[in-house]
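Asks: Have a look at this one before I ask anything.
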Amino acid sequence: MPDRRIGARIGRALALVAISGILLFAARPAAAWTVDGNALPADFEAFSRRFASDAYFYPGHGAAPLGLVGFNVYAEGSYDSSFGSAGFTDTAIRGDLTGGALVVGRVGVRKGLPGRIDLGVAVSQALGGDVKLGSAELSYALLGGGAATPAVGLRLTGTRTLDAHAYVLDQEGAEILVSKGFVLLTPYVGAGVVHSRGRLHGDLGTQTTNDTRGIAYAGITLNLLLPKISVEVEKGDVVQGRVRVAFGF
């Protein structure tokens, strides 16, 4: 019975990897929804604040360093169920969101470096949308963690839109992250500050908006032999969920 449950988890994990790959790299003749370059200023500000919070490059991992030979490759998806019912969708978005939710798929890689430093890069795509993002992270473990002690780390992130259309997003974040590794599970929590700058190019010129907010998150990683599955709950502008599937060591 336990083997069946583990097999089912692995099957679902592999399905998520496949779906994320399709989201990011499958050829699509046109986006199902686009950011409207002529959105009303108040609606654009509300859209950018919510989208930037949802699409932020949350960790999906604990604070312990990977080590010099360690690395992870991963695919993940985040889910904001009420994005489509927000008031800004009337003028800030053209087209229909899939299921009325904002789903962001991401694929990336993390590599351990000397000195308890990890470096990561990722590419993400809003499901059915015209916004694609490139992100990078730099993590430093203040405490590496051990059998009786937690790991504590600092994490810096940066995100930029790729192949931007009407909407451009620039984002930086700084966090502190704490985790405790066990044989099969690694719970972790973190908090930080994120600054986002949005620009919208339309027929009437360029609109800009700036937002600085605190974020918090908590997650748990299931340390299977292959893969590692992380489930994370995040609080930015709203509460959303994320699932990551990672391979490596």
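Asks: If the Cβ limit is 6 Å and pairs must be 6+ apart or interchain, which residue in region 208-229 that is among the aromatic types (Phe, Trp, Tyr) pairs with which residue that is assigned to a strand (DSSP E or B)?
Replies: Between residues of region 208-229 that are among the aromatic types (Phe, Trp, Tyr) and residues that are assigned to a strand (DSSP E or B), the close pairs are Tyr217/Gly190; Tyr217/Glu232; Tyr217/Glu234.
Asks: Could you tell me which of the residues Gly84, Gly144, Gly100 is open to solvent by less than 40 Å² (accessible area, probe 1.4 Å), closer than 23 Å to Leu222 by Cα and over 15 Å from the mean Cα position of the chain (by Cα)? If you could, list the steps in order and put the result at the bottom.
Replies: Numbers: Gly84 fails: closer than 23 Å to Leu222 by Cα; Gly100 fails: closer than 23 Å to Leu222 by Cα.
After applying the criteria, what remains is Gly144.
Asks: Give the residue, chosen from Arg155, Arg197, Arg213, that is crowded, with 18+ Cβ neighbours inside 10 Å and charged (D, E, K, R).
Replies: Numbers: Arg197 fails: crowded, with 18+ Cβ neighbours inside 10 Å; Arg213 fails: crowded, with 18+ Cβ neighbours inside 10 Å.
Exactly one of Arg155, Arg197, Arg213 is crowded, with 18+ Cβ neighbours inside 10 Å and charged (D, E, K, R), namely Arg155.
Asks: Output the number of residues of region 36-73 satisfying the condition of being open to solvent by 10 Å² or more (accessible area, probe 1.4 Å), outside any loop (DSSP other than H, G, I, E, B) and not polar (S, T, N, Q).
Replies: 9
Asks: Let me ask something else about it. Which residues, taken from region 197-249, are under 17 Å from the mean Cα position of the chain (by Cα) and in a loop (DSSP other than H, G, I, E, B)?
Replies: Gly236, Asp237, Val238
Asks: Inspect all residues belonging to region 169-185 and state whether any of them is farther than 21 Å from Val243 by Cα, buried (at least 18 other Cβ atoms within 10 Å of the Cβ) and either under 21 Å from the mean Cα position of the chain (by Cα) or among the polar types (S, T, N, Q) (or both). It would help to see each step written out before you state the result.
Replies: Here is the first cut: in region 169-185, the residues farther than 21 Å from Val243 by Cα are 169-172, 174.
Applying the additional criterion that residues be buried (at least 18 other Cβ atoms within 10 Å of the Cβ) yields 169, 171.
Within this subset, residues satisfying the condition of being either under 21 Å from the mean Cα position of the chain (by Cα) or among the polar types (S, T, N, Q) (or both) are 169, 171.
Yes.
Asks: Working carefully through the options Arg244, Arg213, find the one that is under 17 Å from Asp118 (Cβ atoms) and not small (Gly, Ala, Ser).
Replies: On the way: Arg213 fails: under 17 Å from Asp118 (Cβ atoms).
It is Arg244.
Asks: Of the conditions (1) modelled with pLDDT of 95 or more; (2) within 18 Å of Arg242 (Cβ to Cβ), Asn223 fails just one. Which one is it?
Replies: Of (1) modelled with pLDDT of 95 or more; (2) within 18 Å of Arg242 (Cβ to Cβ), only one is false for Asn223: (1).
Asks: Being surrounded by 19 or more Cβ atoms within 10 Å (Cβ to Cβ) and either under 25 Å from Ser196 (Cα atoms) or in contact with a helix residue (DSSP H, G or I) (Cβ under 9 Å, 6 or more places away or on another chain) (or both) is true for just one of Asp130, Asp163. Which residue is that? Spell out the reasoning first.
Replies: Values: Asp163 fails: surrounded by 19 or more Cβ atoms within 10 Å (Cβ to Cβ).
That would be Asp130, the only listed residue that is surrounded by 19 or more Cβ atoms within 10 Å (Cβ to Cβ) and either under 25 Å from Ser196 (Cα atoms) or in contact with a helix residue (DSSP H, G or I) (Cβ under 9 Å, 6 or more places away or on another chain) (or both).
Asks: Let me ask you something else. Going by what's in this entry, would Arg155 be described as touching a residue at least 24 places away in the same chain (Cβ under 8 Å), within 29 Å of Leu225 (Cα to Cα) and part of a strand (DSSP E or B)?
Replies: Numbers: touching a residue at least 24 places away in the same chain (Cβ under 8 Å): yes; within 29 Å of Leu225 (Cα to Cα): yes; part of a strand (DSSP E or B): yes.
So Arg155 fits the description; yes.
Asks: Quick one: how many residues across region 162-175 are over 15 Å from Arg49 (Cα atoms) and part of a strand (DSSP E or B)?
Replies: 3
Asks: Is region 205-227 home to any residue that is over 22 Å from Gly77 (Cα atoms) and out of contact with any strand residue (DSSP E or B) (no Cβ under 7 Å at 6 or more places or on another chain)?
Replies: Yes, the conditions are met somewhere in region 205-227.
The values are calculated or read from the model by the stated rules, or taken from the named source; none is laboratory data. All figures in this text were calculated on a predicted structure; none of them were measured in a lab. Positions of Cβ are generated from backbone atoms using ideal geometry, with glycine treated the same way; all protein chains shown enter the neighbour counts. The accessibility values were calculated without ligands, DNA or RNA, using every heavy atom of the protein model including side chains. Shrake-Rupley method; radii C 1.70, N 1.55, O 1.52, S 1.80 Å.
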